[in-house]
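Step one of this worksheet: look at the structure below.
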Amino acid sequence: MRTLLVVIGMTIAGGAAAANFDGVYTGTRTTNPLRPGTVGCTPANAVASKFIVRNNHFKMKMGNDTNDIVVAPDGTIETSMAYRYAAQGTMNSVVHVNGKIVGDVFQMEIGNEYCSTHVSLKKTAS
């Protein structure tokens with residue numbers, strides 16, 4: 001009698017390595033006020049935009065402040081930040097940032113109760 005031995009091998013890793021989203025992303029942004037006469041929210045259609053991601057972080061100027069935004073290992077971007085109008089210098093609102101980088105495409109929504117901006121970018125350099 002012959003015995004057939006089947007060996008099944010499995011490799012279990014401690015977790016997947018985080019993706020590297022570093023690079024230069026260029027494209028456009030479109031901004032729309034959600035209320036008439038909103039201070040600090042100028043309508044803009046297809047304005048050229050560029051973000052530079054380094055070490056899965058990028059900088060975003062919002063009002064008086066420059067904020068450090070983190071890209072999660074799955075490409076998700078989710079954060080909130082204070083928005084201070086230049087003329088007043090105090091916190092006037094909270095801005096929500098939600099987006100995702102998938103492959104070479106970077107999509108993001110930025111907004112609050114007064115203003116909405118859609119950003120659509122493509123990776124143009126590493």
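The values are calculated or read from the model by the stated rules, or taken from the named source; none is laboratory data. If you're wondering where the values come from, they're calculated on a predicted model, not measured in any experiment. Virtual Cβ from ideal backbone geometry, glycine too; neighbours counted across all protein chains shown.
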inquiry  = So, residue 42, is that one within 26 Å of residue 19 (Cβ to Cβ), surrounded by fewer than 16 Cβ atoms within 10 Å (Cβ to Cβ) and free of Cβ contacts under 8 Å to residues at least 12 places away in the same chain or not?
reply    = no
request  = Identify all residues within the range 2-41 that are part of a loop (DSSP other than H, G, I, E, B) and at pLDDT 75 or above; write none if there are none.
outcome  = 19, 20, 21, 22, 34, 35, 36, 37, 38, 41
task = Give the residues of the range 64-84 that are surrounded by 14 or more Cβ atoms within 10 Å (Cβ to Cβ) and among the small types (Gly, Ala, Ser), sorted by residue number.
result = 72, 75, 82
remark   = residue 66 vs (1) farther than 16 Å from residue 21 by Cβ; (2) in contact (Cβ under 8 Å) with a residue 12 or more places away in the chain: all pass except (2)
note = So, first residue touching a residue at least 60 places away in the same chain (Cβ under 8 Å) and in a strand (DSSP E or B) in the range 103-126, second residue surrounded by 15 or more Cβ atoms within 10 Å (Cβ to Cβ) and aromatic (Phe, Trp, Tyr), Cβ within less than 6 Å, six or more apart or across chains; the pairs are 106/25; 121/25; 121/106; 123/25
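This table checks each residue for (1) under 11 Å from the mean Cα position of the chain (by Cα); (2) under 19 Å from residue 31 (Cα atoms).
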| position | (1), (2) |
| --- | --- |
| 70 | yes, no |
| 82 | no, yes |
| 110 | yes, yes |
| 126 | no, no |
key: Residues of the range 69-82 classified as at pLDDT 95 or above and in a strand (DSSP E or B), total   = 6
